[in-house]
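Heads up, the thing below is written out as structure tokens.
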Amino acid sequence: MRIESVVLMSSAGLAQRPTAVAPLSSLLRSLELAMAAATAAGAAAAAAAVSLIACYLLLHRSSNKLPWFLQTSSSRASGRRTRRRGLVEAIGNTPLIRINSLSDATGCEILGKAEFLNPGGSVKDRVAVKIIEEIFVLQALESGDLICGGMVTEGSAGSTAVSLATVAPAYGCRCHVVIPDDAAIEKSQIIEVLGATVERVRPVSITHRDHFVNIARRRALEANNWAQRESNKTQTNGLAHVSSETTYGKLAVTQRESNNTQTNGFASVGSEMPHSEKCDPNSDSKGFFADQFENMANYRAHYEWTGPEIWEQTKRTLHAFVAAAGTGGTIAGVSRYLKEKNKNIKCFLMDPPGSGLFNKVTRGVMYTKEEAEGKRLKNPFDTITEGIGINRVTRNFMMAELDGAYRGTDKEAVEMSRFLLRNDGLFLGSSSAMNCVGAVRVAQDLGPGHTIVTILCDSGMRHLSKFFNDQYLADHGLTPTATGLEFLDK
Ligand SMILES: Cc1ncc(COP(=O)(O)O)c(C=O)c1O
């Protein structure tokens, strides 16, 4: 049995029984026993123990309030109107908005999950939280103690970087982001203002050692090595000192200095820290690579969190779900959860131009050999939408359960964004607009009377320089002209 499915099963089981929590030492002992069996069964038991410890960690984070996945559905549903304890608890429980214009035009109930209302401005806040919390659990398995802090690194030009930078201080973490230097400058400015360090690098193929994702992975390793050396020095000399001999050393020093002066720095977030007594934000602790594409915490964030919210908010009556994929975490987690609840719910991919996933879903093959990601020198995506489309099958996407796929064009996404702005007052980013095109396509195929859910991933405010820039659109022949939804006529 796959490890991830065991984690899911055990988490789901615990969610129904929020009873007493065993002491961590006994959880760790049970894990040691599980680890002793070096077979598939041992791995499964170990994964179950990871989930138990995750529960322990989260319960202790918030002793006067159960963590989200242990709350009953009714308390989760009412959560948005209640007081939240710290930034992390303000993530999720986003409203499901009826998109009136599209619902009225199609005769379906078209509902958008308003993820742009998360504190970090996108659906990726959930992923950032889940990645960091699972890392703490793994560290607890190694060290026998639950300690927060460390350096989280990620290679991302977009929402995940912003979300990691947003939540990192709440966990006593530093954040280092590596992005291609052709990404909009505002993005690195935002990430830096949030207190993270940013490294802008030349864009190269994913197979190149200096692709931004590969550099981010390396930075985490460097941080680990550096922390190890510092710890060895302390043990030898009885004294710790800050070294600037490595990249990480320099990063750590810069970060600390800048954080001392920033409102969103470590100094001001003590009340939000899950284990403030154990967090030493200035400690030279470990580095870890968030790895959103292959890290299954991404999928689990949506399977355990976004999916259940949609299920409850639709009062268990939805007929279809549709979304585009970047890492694939959202569509995989939500589709799998919904299918488990009701296998008749139809789940669809909406794919932007240049992405190979449509072919993968509809024909089982992704690309010709020549098109494979890594064979190209430049960004292979022929789209102005951001955060969606990919030409490799990630581990996260592999978990998706899909009934089919649609293809959208940039023109449709642009037109949809303006239509929603004019008719509903919804100011949405490019991937959300593409998702809404997908929702209308599904409505056209299923016919009136169906409830269709999609994701409103982020706001248009993140897209002023391209998607909402008239000159940019004119240069690409994408100036919007539609007065209604005629651009979606079949
Ligand atoms: C704005 C935006 N929308 C949608 C997505 C796609 O979500 P996922 O990575 O879960 O497939 C991303 C991913 O980075 C994104 O940044």
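Overview of values
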quantity	calculated
Residue 489 paired with residue 221, simple spin-label distance in nm, labels 7 Å along Cα-to-beta-carbon	5.7
Neighbour net charge for residue 431 - beta-carbon separation under 9 angstrom, K R +1, D E -1	-2
Eligible aspartates and glutamates near residue 286 by straight Cα distance, threshold 16 Å, same-chain separation 8 or greater	133, 134, 142, 145, 154, 222, 230
Amide N of the range 403-434 lying under 20 Å from the label point, which is placed 7 angstrom from the Cα of residue 182 along Cα→Cβ	410-411, 430-431
Sequence of 450, 463 once ranked by neighbouring C-beta atoms within 10 Å, starting from the fewest	450, 463
Extension gain, residue 471 back to residue 344 (0.36 nm per residue minus Cα-Cα distance, nm)	41.3 nm
Length gained when the stretch residue 363-residue 464 is fully extended (0.36 nm per residue, less Cα-Cα span)	32.8 nm
Compactness of the range 182-228, expressed as Rg and Dmax over alpha-carbon positions, Å	12.4, 35
Length added when fully stretched, residue 142-residue 409, from 0.36 nm per residue minus Cα-Cα	91.4 nm
Mean Cα-pair separation over length for the range 417-490, i.e. relative contact order, pairs under 8 Å, 6 or more apart, %	34
All-pairs alpha carbon distance profile, the range 429-490, 5 Å steps from 0, percent	4, 16, 19, 23, 20, 11, 6, 2, 0
Residue 427 paired with residue 192, simple spin-label distance in nm, labels 7 Å along Cα-to-beta-carbon	2.5
Total formal charge among the other residues, if their Cβ is under 15 angstrom from that of residue 417, Lys/Arg +1 and Asp/Glu -1	-2
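Taken together, the values in this text are just the output of simple stated rules run on the coordinates, not laboratory data. From a predicted model like this one, the values you see are computed outputs, not experimental measurements. With ideal geometry, Cβ positions are generated from the backbone for all residues, glycine too; neighbour counts draw on all protein chains shown.
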